[in-house]
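One structure is given below, encoded as structure tokens.
Just so it is clear, none of the values below were taken in a lab; they were calculated from the coordinates. None of these values were measured; they are calculated from a predicted model. All Cβ positions, glycine included, derive from the backbone under ideal geometry; neighbour counts span all protein chains shown.
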Amino acid sequence: MPKAGTISRGEFDLDGQIWYAVHGMDRRLAALGLTGIGFFVCGAIVLGVVAGRWLDGKLNSEPVWTIVGLILGIVVAFYGVYTMLRPFIGDKGDKGNS
């Protein structure tokens, strides 16, 4: 067991119990939330590519909108992953105040 005050908010001890206690989250519920990240990334990228292919077909501008859709899907995927993982990352600004 680590000494009191050695682990700040957002960091893990060996079992990860402090983080879960601070954030009031069950471990299984947190793991279930993390499994959706892969589906979100895949969905965002596929949706961007499909929308781009559809626009290319309508505007006869292949592959311009497919590439734009791919890039937009990747950006949305990264932002979504960051938003989903933000509670697990913790605030970096709290380190100096511990």
Let a ≥ b ≥ c be the square roots of the eigenvalues of the Cα gyration tensor of the stretch 27-87; is it rounded (a/c under 1.5), or, if not, prolate (a/b larger than b/c) or oblate?
prolate
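Between R53 and L32, 0.36 nm times their residue separation minus their Cα-Cα distance comes to what? Spell out each step's value before the answer.
Numbers: separation 21, 0.36 × 21 = 7.56 nm, distance 3.26 nm.
Between R53 and L32, full extension yields an extra 4.3 nm.
Net charge within 13 Å of V64 by Cβ-Cβ distance, Lys/Arg positive one each and Asp/Glu negative one each, not counting V64 itself?
On the way: positive: R53, K58; negative: D56, E62.
Local net charge: 0.
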